[in-house]
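Following: one structure in C-alpha cells, then a few remarks.
Taken together, the values in this text are just the output of simple stated rules run on the coordinates, not laboratory data. All figures in this text were calculated on a predicted structure; none of them were measured in a lab. Every residue, glycine as well, gets a Cβ built from its backbone with ideal geometry; the counts of neighbours run over all protein chains shown.
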Amino acid sequence: AIGRQQLAFIKELYGTRLRISYHAYVRREPAALLHLEPGRQDPYPIYRRIRERGVLAPTPLGNYVTASHAACDEVLRSRSFGVGQDGRDAQLSLLDLDPPDHTRLRRLVAPDFTSRKIPAFGPRVQAVVDDLIRTVPRDQPFDLVSSLAAPLPIAVITDLLGIPDANAEEFAMHGTRFGSALGGIQSIAHARELAATRARLAEIFTEIFELRRQHPQDDLIGRIVAANENSPEAVRPEEMVPLCTLLLIAGFETTVNLIGNTVLALLSHPDQWRLFTEQPELAEQVVEEGLRYDPPVQRTGRVAMSDTEVLGRPVAKGQFVMTALGGANRDPAAFDDPDRFDINRSNANEHLSFSGGIHYCVGAPLARLEAAIALRAIATEFPDLREAGKRVRRPGSLIRGIQEFPVLVPAA
Ligand code: HEM
C-alpha cells in the first residue's frame with residue numbers, strides 16, 4: 001500500500017503535478033521506484049525494467065535513466081557531460097565540481113591514494129582487522145557491522161587523514177552521523193542534528209589545519225595545508241573543510257557496506273562461501289564480485305553540457321542522465337548470467353561500482369585493500385560464520401547496505 005506521503009515524495013522528486021495514481025505513474029516511470037521502498041529492498045528487478053525501456057529510458061521531466069553498462073560507461077567518461085553544479089557553493093567538493101576546479105583539487109589528493117602508495121597501508125589495515133577479530137565473542141550473536149565492518153574504515157581514514165588521537169573518537173561519531181545523511185534526511189530533527197554535526201566537524205578540521213600550520217606534518221591534511229600556504233590558488237581556504245569532509249565520509253560510508261553486502265552475498269550462496277573459506281587467497285576476486293553484485297553506491301548521474309549523443313542517441317544540452325551503477329553491473333550485455341554471484345567470474349572487475357571518467361573513485365585502491373584484508377580474515381577465522389537474527393537494511397536507496405547484521409561464530 002502506497003501512502004499519500006510517498007506520492008508527495010515522488011511529486012517533489014520529479015517536480016511534477018501528478019494527476020494519476022501511484023500505480024499508473026510507476027508503470028510509466030519505473031525509475032521512480034528506485035527512490036522508494038522497493039528500490040531500497042531490491043533494486044535489481046527495477047533495473048531490468050528500466051533496461052527493457054531502452055538504453056536511455058526517458059523520464060517524464062525530459063531526462064533519462066540508464067541501467068545499460070555501455071551507456072553508463074559512455075556518459076561517465078564523456079567530456080560532454082558534467083556534474084553541472086555551481087562550484088561556488090562552499091559546501092561542495094570534488095564530486096560536485098567540474099573542471100577546472102575539479103582537476104585542481106583532485107590533483108592535490110590523488111597522489112595519496114594511488115595503487116602504488118596504498119599497499120603500504122596493508123600492515124596497518126591488517127593490524128586493525130586482527131584487533132577487531134580478537135574482540136569478537138564466540139558462541140554468542142554479535143553485529144558484524146558495528147564490530148567489524150564499520151570500525152575498520154573509520155580507523156584507516158582517520159589515520160590516513162592524520163587526525164590526532166585526541167580527536168579520533170569524536171571524529172568517528174560525527175563522521176558516522178554525517179555519513180548517515182547519504183541515506184536521505186529522515187526528519188527535521190535529523191536535519192538539525194546534521195547541521196550541528198557539520199559545524200562541529202568543520203571546527204575540528206579548522207583546529208587541525210591550525211595545528212599543521214604551526215607544526216607541519218607529512219600527512220594528507222598536512223599536505224593540503226602546505227599546498228594552501230604555498231599558493232592559495234592550489235586550494236582556497238574555503239575549499240579545505242569540504243574537501244576533508246568528503247574524504248572522511250566517502251571513506252566511512254561505503255567500505256562498511258562493501259564488507260557487509262559481500263558477507264551477505266557469501267552467506268546467501270553457501271557453495272561460494274565454502275569455496276572462499278577453502279581458498280582465502282581468492283579475497284581480491286571476492287571483493288570484485290562483491291562490488292559488482294551488490295555495490296554500496298547504486299547510482300550517480302551527469303548533465304549534458306552541450307548537445308551530444310550517447311551510443312548514437314541524441315541528448316540535448318541540460319538533460320540529466322541518471323546512471324544506475326548497480327544496474328550496469330547486472331547488464332547481461334556486459335556480464336554472463338549477471339544475477340549469479342560467482343567469485344570466479346573472470347570479468348567481475350569490469351563493474352562500474354567506482355564510477356568512471358574523471359570522478360572515478362579516488363579511494364578505490366584503499367577500499368579494495370580494506371575489504372580484501374577484512375574478508376580474508378573473516379573467511380579464515382570464522383569459516384562457520386552464520387546469520388543469527390533479523391538483519392536491518394540502512395535507510396535510503398542511494399547507498400545500499402546492511403545497518404545491523406547479527407551473526408554468530410560457533411565455539412570451536
Ligand atoms: C568518488 C564509490 C570508497 C573517496 C566515488 C564515486 C563512486 C564511489 C561511485 C563516484 C561518484 C560519481 O561518479 O558521481 C565508492 C565505493 C567505495 C568507495 C563503492 C567503497 C567500497 C572510498 C574511499 C575513499 C573514497 C575509501 C577515500 C577516502 C572518494 C572521493 C570521490 C569518490 C574523494 C570523489 C572523486 C572525484 O569526484 O573526483 N566513490 N567509494 N571512496 N570516492 Fe569513493
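Over the C-alpha trace of the range 256-316, radius of gyration and Dmax come out as 17.9, 53 angstrom. Can you grab the distance from the C-alpha centre of the range 238-277 to the C-alpha centre of the range 30-88, Å, no decimals? If we compute the Cα centre of each part, the gap is 22 Å. Given the range 56-135 reduced to its alpha-carbon atoms as identical point scatterers, what log10 I(q)/I(0) does the Debye formula return at q = 0.16 Å⁻¹? The Debye formula, applied to the Cα set alone, gives -0.87. Note on the chain: Kirkwood radius taken over Cα pairs, Stokes-Einstein applied at 4 °C and 1.567 mPa s, translational D equal to 58 µm² s⁻¹.
With both labels modelled 7 Å from their Cα along Cα-to-Cβ, the residue 167 to residue 52 distance reads 5.2 nm.
Sketch the reach of a paramagnetic label on residue 398 as a point 7 Å from Cα along Cα-to-Cβ, and name the residues of the range 40-64 whose backbone nitrogen lies under 18 Å away. From the range 40-64, the list is 40-41, 43, 64. Helix-only arithmetic for the chain: the sum of -39500 (n - 2.57) across DSSP H runs with n ≥ 4, divided by the residue total, places the mean residue ellipticity at 222 nm at -15500 deg cm²/dmol. Provide the FRET efficiency to the nearest 0.05 for the residue 344-residue 214 pair, computing r from the beta carbons and using R0 = 45 Å. Efficiency, from the Cβ-Cβ distance: 0.25. What the phi angles of the range 402-412 give under the Karplus curve with 6.51, -1.76 and 1.60, with θ = phi - 60°, is a coupling list of 9, 8, 10, 9, x, 9, 9, 10, x, 5, 5 Hz, glycine and proline written as x. Working ranking of peptides 294-304, 383-393, 142-152 by packing, defined as the average number of other Cβ atoms within 10 Å per residue, highest first, is 294-304, 142-152, 383-393. Dimensions of the range 222-370 from C-alpha coordinates, computed as largest minus smallest value along each principal axis and given longest first, are 55, 45, 20 Å. Look at the dipole of the range 70-161 built from charges on Cβ: of 105, 115, 141, the Cα furthest out on the positive end belongs to 115. Report the Cα centroid-to-centroid distance between the range 90-164 and the range 192-220 in angstrom, as an integer. Between the Cα centres of the range 90-164 and the range 192-220 lies a distance of 17 Å. Taking 0.692 mPa s as the viscosity and 37 °C as the temperature, the Stokes-Einstein diffusion coefficient of the range 162-280 based on its alpha-carbon Kirkwood radius rounds to 197 µm²/s.
Taking the alpha-carbon centroid of each part, what is the distance from the range 298-335 to the range 339-397 in angstrom? Each part reduced to its Cα centre gives a spacing of 24 Å. When a/c reaches 1.5 or more, the comparison of a/b and b/c decides; with that in mind, is the range 122-192 rounded, prolate or oblate per its Cα gyration tensor? In terms of gyration-tensor shape, oblate. Label-to-label distance for residue 44 and residue 313 is 2.4 nm, based on points extended 7 Å past Cα in the beta-carbon direction. Considering only 153, 202, 167, the residue lying farthest towards the positive end of the dipole of the chain is 202, judged by Cα position with unit charges set on Cβ. In the range 291-412, the convex hull through the Cα atoms has an average projected area of 10.0 nm², a quarter of its surface area. Per-residue extension of 0.36 nm, minus the Cα-Cα distance of residue 337 and residue 37, leaves a gain of 105.4 nm for this segment.
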